[in-house]
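Engineer: Below is one structure. I have some questions about it.
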Amino acid sequence: MTDPQLVLTEGVQRALAAAFGQEYAAEDPLIRPSQFADYQANVAMSLARRLGRSPREVAQEIAGHIDIPGQVEVSGPGFINLTLSDGWLAAQSGEQLADERLGVATEAQQTVIVDYSAPNAAKEMHVGHLRTTVVGDALVRVQEHLGHRVIRQNHLGDWGTPFGMLIEHLLDIGEEAAVAQLSAGAGNDYYQAARAKFDNDPAFGERARARVVTLQAEDPETMRLWHIFMGATIRYFNKVYTQLNVTLTDDDIAGESMYNAVLAQVCDDLQERGVAVISDGALCVFPPGFTGREGQPLPFMIRKSDGGYGYATTDLATIRYRVQDLKADRLLYVIGATQALHMQMLFASARMAGWLPDHVQAEHVQIGSVLGSDGKMFKTRAGKSIKLLELLEEGESRAAAVLADRDYDAATQAEIGQAVGMGAVKYADLSVSHDSEYVFDFDRMLALTGNTGPYLQYATARIRSIFRRGEYDPASARGPIRIGHPAERALALQLLGFGAIVSEVGAASTPHRLCAFLFDTASAFTTFYENCPVLKADSEEDRQSRLALAALTLRVLTQGLDLLGIEVPERM
């Protein structure tokens, strides 16, 4: 099958070359959906001044050379309306139905490394970790579906001076009690208790500082205790990942501790190359173009004046490892928008060092904040961060309540509640641009109407119910597809855009665009269902055609939601 927009783009570009010369063949035809046709090409408006002619005259010249499977018409001051033929749409839809990949092309393979989730091992996961985890996992799924070799990297905050006091607190309360508390997700309580002792008990503070020294020296007993702490913490993280149905595993953990042994070498290499210099006792890189308030060069500090290392050091070591050892072609850092300056300076410094060559693409996928109904950071009424696991469990219970009137047994009800609750939370996050803020609102998330996860899940369940009532198997629907009603045409045209949107999401890291496409698809199906009887169609040919369109819609919605990491229940 062929994407309609691609067919039209190529057709208009050939017409541009024929009308005005080969130098115009690569011009963007500026094709957009239109309410007056399937699509509209606006290129004549942008070319008119360059050609010294009126836009309508240019449009008519282009239209005279356009050869597409459909109709061409010039309207208004110079718009070119493009309408594909019903026969072409039907044939392409049939090819899409027969295609296992539903028109999604497999791209030339790259090694794509996605850095996401990355909670702090000394704290429990809160709602702020939701977005980087959910967005990152959707991007991973899309990249893998496009044929790329994807390496997940969960860059845990699992090293540093706080671990001195955390390990000493573990010894104070006992290994068993510490493991139980951390595995249960009470990391904040654990951390606060250790911090209180560090601030108020001089003897404990001395022990904690001494423990940092043994940790940095990788003393065997200290490392044993560190592994106990980390093991319990990771077990809690895995509960959250399981609940969210994300694909991160223990094999994907590549925390700060992984780079501890090479930080000194990183600093030495940068200094020897002249990339880093001593400034006020600290070792810094000064990437060009970054200045402070008074116009002074902004330092990217990789070694503090006391000899300690920071995030900049570890992050440079990370880039070097991912490019040199993992052979990355593309790096996606799914990290909070507040880190934008740090990420820009990191990439610039790595390029200065030669560790991020021009052929490697490095991107900061900026993650906006989650807000409460008051427009402020989402917290409890007491001002504390809301535990992510508790929030997810509440989502499930609320989803079960929304679906309480369904006549299902308890096990089925729980299964549907879990899928709908998690789908609602994830879709609400993914359906807005990842760099935008959004308000966390369970009532809106769980609505069965509007642009929500449950609405899309319900759309797939409704399609399945059609096949159950008619005693048909969706997998056996073959058509042939015929286009007769405007609602059939609109649905077929919408479905044919699936391959292009998945490719676009992969290229631009924009899962919200896939959400918008799926919502438009479900809406187009609703209009089709209301206007085109399926099981009670006037003829057997129409029935088989509409069953095929319904089956194709089901597959596109199911595949699209799977790429977002959203499960689709059989019934709702």
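Engineer: For residues that are free of Cβ contacts under 8 Å to residues at least 40 places away in the same chain and surrounded by 16 or more Cβ atoms within 10 Å (Cβ to Cβ), tally how many sit in region 441-455.
Structural biologist: 2
Engineer: Filter region 399-411 down to residues that are open to solvent by 80 Å² or more (accessible area, probe 1.4 Å) and either under 19 Å from LYS379 (Cα atoms) or of a type in the set (A, V, I, L, M) (or both), then give me how many there are.
Structural biologist: 1
Engineer: Turning to a different aspect of this structure: Would you mention how many residues in region 9-54 are closer than 22 Å to GLY70 by Cα and aromatic (Phe, Trp, Tyr)?
Structural biologist: Within region 9-54, residues that are closer than 22 Å to GLY70 by Cα and aromatic (Phe, Trp, Tyr) number 2.
Engineer: Keeping to region 198-235, report how many residues are in a loop (DSSP other than H, G, I, E, B) and either under 21 Å from ILE253 (Cβ atoms) or among the aromatic types (Phe, Trp, Tyr) (or both).
Structural biologist: 1
Engineer: Using the structure shown, decide if ILE481 is touching a Ser or Thr at 6+ places or on another chain (Cβ under 7 Å) and either of a type in the set (Ser, Thr, Tyr) or open to solvent by less than 40 Å² (accessible area, probe 1.4 Å) (or both).
Structural biologist: Considered against the rule, which asks whether it is touching a Ser or Thr at 6+ places or on another chain (Cβ under 7 Å) and either of a type in the set (Ser, Thr, Tyr) or open to solvent by less than 40 Å² (accessible area, probe 1.4 Å) (or both), ILE481 comes out as yes.
Engineer: Of the residues GLY497, GLY506, which is open to solvent by less than 50 Å² (accessible area, probe 1.4 Å), more than 17 Å from GLY94 (Cα to Cα) and under 22 Å from the mean Cα position of the chain (by Cα)?
Structural biologist: Selected residue: GLY506, the only one of GLY497, GLY506 that is open to solvent by less than 50 Å² (accessible area, probe 1.4 Å), more than 17 Å from GLY94 (Cα to Cα) and under 22 Å from the mean Cα position of the chain (by Cα).
Engineer: Let me ask another. Applying the selection to region 172-184, what residues are under 14 Å from ALA232 (Cβ atoms) and part of a helix (DSSP H, G or I)?
Structural biologist: ILE173, GLU175, GLU176, ALA177, ALA178, VAL179, ALA180, GLN181, LEU182, SER183, listed by residue number.
Engineer: Could you check, for region 165-174, whether at least one of its residues is in contact (Cβ under 8 Å) with a residue 12 or more places away in the chain and loosely packed, with under 13 Cβ neighbours inside 10 Å?
Structural biologist: Yes - at least one qualifying residue is present in region 165-174.
Engineer: Just the residues that are more than 17 Å from VAL285 (Cβ to Cβ) and among the hydroxyl-bearing types (Ser, Thr, Tyr), please, taken from region 306-342.
Structural biologist: Scanning region 306-342 gives TYR321, TYR333, THR338.
Engineer: Pairs only if they're at least six apart or on different chains, beta carbon under 7 angstrom, first in region 555-572 and closer than 12 Å to PHE498 by Cβ and polar (S, T, N, Q), second outside any loop (DSSP other than H, G, I, E, B) and modelled with pLDDT of 95 or more; list them, first residue then second.
Structural biologist: Close Cβ pairs satisfying both conditions: THR558/THR460.
Engineer: Out of curiosity, is ILE80 within 30 Å of PRO480 (Cβ to Cβ) and surrounded by 20 or more Cβ atoms within 10 Å (Cβ to Cβ)?
Structural biologist: So ILE80 does not fit the description; no.
Engineer: Of ARG464, ARG555, ARG546, which residue is touching a Cys at 6+ places or on another chain (Cβ under 7 Å), part of a helix (DSSP H, G or I) and of a type outside the set (A, V, I, L, M, F, W, C)?
Structural biologist: ARG546
Engineer: Those residues that are surrounded by 15 or more Cβ atoms within 10 Å (Cβ to Cβ), of a type outside the set (Gly, Ala, Ser) and in contact with a helix residue (DSSP H, G or I) (Cβ under 6 Å, 6 or more places away or on another chain), I need them from region 528-548; list them, please.
Structural biologist: Matches in region 528-548: PHE528, CYS532, VAL534.
Engineer: Another question, then. Right, ALA404: touching a residue at least 60 places away in the same chain (Cβ under 8 Å) and more than 22 Å from the chain's Cα centre (by Cα) or not?
Structural biologist: No: the conditions fail for ALA404.
Engineer: Please go through region 126-153 and pick out each residue that is surrounded by fewer than 24 Cβ atoms within 10 Å (Cβ to Cβ) and outside any helix (DSSP H, G or I).
Structural biologist: HIS126, VAL127, LEU146, GLY147, HIS148, ARG149, VAL150, ILE151, ARG152
Engineer: If you go through region 344-389, how many residues are surrounded by 14 or more Cβ atoms within 10 Å (Cβ to Cβ) and over 17 Å from PRO288 (Cα atoms)?
Structural biologist: Qualifying residue count, region 344-389: 20.
Engineer: Just checking, which of ARG195, ARG211 is basic (Lys, Arg), touching a residue at least 40 places away in the same chain (Cβ under 8 Å) and over 30 Å from PRO569 (Cβ atoms)?
Structural biologist: One residue alone meets the criteria, ARG211.
Engineer: Hey, among GLY136, GLY147, GLY128, GLY185, which residue is in contact with an Asp or Glu (Cβ under 6 Å, 6 or more places away or on another chain) and over 25 Å from ARG224 (Cα atoms)?
Structural biologist: Among GLY136, GLY147, GLY128, GLY185, only GLY147 is in contact with an Asp or Glu (Cβ under 6 Å, 6 or more places away or on another chain) and over 25 Å from ARG224 (Cα atoms).
Engineer: Residues ILE319, ILE335, ILE302: which one is touching a residue at least 12 places away in the same chain (Cβ under 8 Å), open to solvent by 20 Å² or more (accessible area, probe 1.4 Å) and hydrophobic (A, V, I, L, M, F, W, C)?
Structural biologist: Answer to the check: ILE335.
Engineer: For residues in region 94-104 being part of a loop (DSSP other than H, G, I, E, B) and not hydrophobic (A, V, I, L, M, F, W, C), which is surrounded by the fewest Cβ atoms within 10 Å (Cβ to Cβ)?
Structural biologist: GLU100
Engineer: Okay, moving on. Restricting to region 12-45, give me the number of residues that are surrounded by 19 or more Cβ atoms within 10 Å (Cβ to Cβ) and either touching a Ser or Thr at 6+ places or on another chain (Cβ under 7 Å) or in contact (Cβ under 8 Å) with a residue 60 or more places away in the chain (or both).
Structural biologist: 6
Engineer: Among the aliphatic types (A, V, I, L, M), in contact with a Leu (Cβ under 8 Å, 6 or more places away or on another chain) and closer than 17 Å to THR132 by Cα - does that describe any residue in region 312-326?
Structural biologist: Among the residues of region 312-326, not one is among the aliphatic types (A, V, I, L, M), in contact with a Leu (Cβ under 8 Å, 6 or more places away or on another chain) and closer than 17 Å to THR132 by Cα, which makes the answer no.
Engineer: Is it the case, given these coordinates, that ALA487 is closer than 30 Å to SER85 by Cα, exposed (fewer than 15 other Cβ atoms within 10 Å of the Cβ) and within 32 Å of the chain's Cα centre (by Cα)?
Structural biologist: no
Engineer: Looking only at residues that are open to solvent by 60 Å² or more (accessible area, probe 1.4 Å) and out of contact with any strand residue (DSSP E or B) (no Cβ under 8 Å at 6 or more places or on another chain) in region 412-440, which one is modelled with the lowest pLDDT?
Structural biologist: Going through the qualifying residues, I end up with ALA414.
The values are calculated or read from the model by the stated rules, or taken from the named source; none is laboratory data. These numbers come from a predicted model, not from an experiment. Neighbour counts are summed over all protein chains in view; Cβ atoms, including those assigned to glycine, are modelled from backbone coordinates with ideal geometry. The accessibility values were calculated without ligands, DNA or RNA, using every heavy atom of the protein model including side chains. Shrake-Rupley method; radii C 1.70, N 1.55, O 1.52, S 1.80 Å.
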